[in-house]
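The values are calculated or read from the model by the stated rules, or taken from the named source; none is laboratory data. Since the structure is predicted, the reported quantities are computational estimates derived from the model, not experimental observations. All Cβ positions, even for glycine, are placed from backbone atoms using ideal geometry, and neighbour counts span all protein chains on display.
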Amino acid sequence: MVCGDSMKCNDKLMLALAATGLVVLSFADAYATEYSAQPIAGNVIDAATGAPVEGAIVVANWIVEDPLVGQVQGSLELKEALTDRNGDFRLEGWGPTPVLDVEWPAGARIPPGQPHIRIFKPGYKLLLLREFTTTEYLDDPQWKGASLRDSYWNGKMVKLERFDGSLAAYAERTQYVLTGVGYYKCKWKKVPRSLTTLIREGEHLRQLGIHNYLPTLGELEKDALSWKCGSAKDFLSEYLK
């Protein structure tokens, strides 16, 4: 076999060996970086009263980044939880999950400072919790970081502030609850409580005459069918009761 490019030559040799049964190729092993995450537990209280906040939605988002341009490509994993009567929540751990080159840009990775955590309850301000991070890694396109990720916020108590502005301002702010969360295609099924809460809030605000861009069930149904994810109405029916 004659080949001028060593990398292409090596690929051809591996494929030839695989065809003879001398080697078994695992494309996941060859081209994937695997990540996992520890569970995250915490407690949410009212900033003014100190009382536990029940029914707040907590979403953790682990994003994937293109190492060449540093641009966010989407969410590798999403986890969602609801606070209980004591304000406690627990986001389950996950992984190992591969970042395959056939699904993401070559060399894609989870940057440091992940996950981004969002906490929201109707009537309150959206709370964004970010991890401590650095930008030094951007100089190294081969950087992958730790394969097992944890969160600074695990075990912490956080305060949720009531929204004290106008309904129009509340509607504008609330539309950002899922901004940056890659729930497109079929990943919307990972955040059903968030979506149903926003659908209800949008309907309530429109009934009060407040224009808003919160998602509607009709829009989500149309998108879900185009993504071939099945019916959003059927999937969310239990959450919309």
In segment 207-241, anything surrounded by 12 or more Cβ atoms within 10 Å (Cβ to Cβ), closer than 23 Å to Ala168 by Cα and either more than 22 Å from the chain's Cα centre (by Cα) or of a type in the set (Gly, Ala, Ser) (or both) is listed as Ile210, Asn212
Looking at Lys159, is it modelled with pLDDT of 90 or more, part of a strand (DSSP E or B) and loosely packed, with under 15 Cβ neighbours inside 10 Å?
yes
What pairs come out if I take residues in segment 38-62 that are closer than 16 Å to Lys125 by Cβ and in a loop (DSSP other than H, G, I, E, B) and pair them with residues that are modelled with pLDDT of 95 or more and of a type in the set (Asp, Glu) whose C-beta lies under 6 Å away, six or more apart or interchain?
Ala47/Glu161; Val53/Asp46
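Could you look through segment 59-78, keep only residues that are in contact with a helix residue (DSSP H, G or I) (Cβ under 7 Å, 6 or more places away or on another chain) and at pLDDT 95 or above, and pick out the one that is nearest to Ser147 (Cα to Cα)? Outline the logic, then answer.
Filtering segment 59-78 down to residues in contact with a helix residue (DSSP H, G or I) (Cβ under 7 Å, 6 or more places away or on another chain) leaves 59, 70, 75, 78.
Subset that is at pLDDT 95 or above: 59, 78.
Details: Val59: 21, Leu78: 17 Å.
Of everything passing the filter in segment 59-78, Leu78 is nearest to Ser147 (Cα to Cα).
So that you can scan it fast, the table gives a plain yes or no per residue for (1) within 30 Å of Glu161 (Cα to Cα); (2) without any contact (Cβ under 8 Å) to a residue 12 or more places away in the chain; (3) outside the structural domain of Val177 (by TED's automatic domain parsing); (4) in a strand (DSSP E or B):
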site: Leu68; (1), (2), (3), (4): no, no, yes, no
site: Phe89; (1), (2), (3), (4): yes, no, yes, yes
site: Thr97; (1), (2), (3), (4): no, no, yes, yes
site: Gln114; (1), (2), (3), (4): yes, no, yes, no
site: Leu128; (1), (2), (3), (4): yes, no, yes, yes
Taking the residues in segment 97-127 that are among the aliphatic types (A, V, I, L, M) and surrounded by 13 or more Cβ atoms within 10 Å (Cβ to Cβ) as candidates, determine which candidate is farthest from Val53 (Cα to Cα).
Leu100
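Working carefully through the options Thr133, Thr174, find the one that is among the β-branched types (Val, Ile, Thr) and surrounded by 17 or more Cβ atoms within 10 Å (Cβ to Cβ). Steps first, please.
Details: Thr133 fails: surrounded by 17 or more Cβ atoms within 10 Å (Cβ to Cβ).
Of Thr133, Thr174, the one residue that is among the β-branched types (Val, Ile, Thr) and surrounded by 17 or more Cβ atoms within 10 Å (Cβ to Cβ) is Thr174.
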Just checking, does segment 193-206 include any residue being within 13 Å of the chain's Cα centre (by Cα), modelled with pLDDT of 95 or more, small (Gly, Ala, Ser) and not assigned by TED's automatic domain parsing to the domain that holds Lys121?
yes
Pick from Ala47, Ala56: which is within 23 Å of the chain's Cα centre (by Cα) and either at pLDDT below 95 or under 27 Å from Thr174 (Cα atoms) (or both)?
Ala56
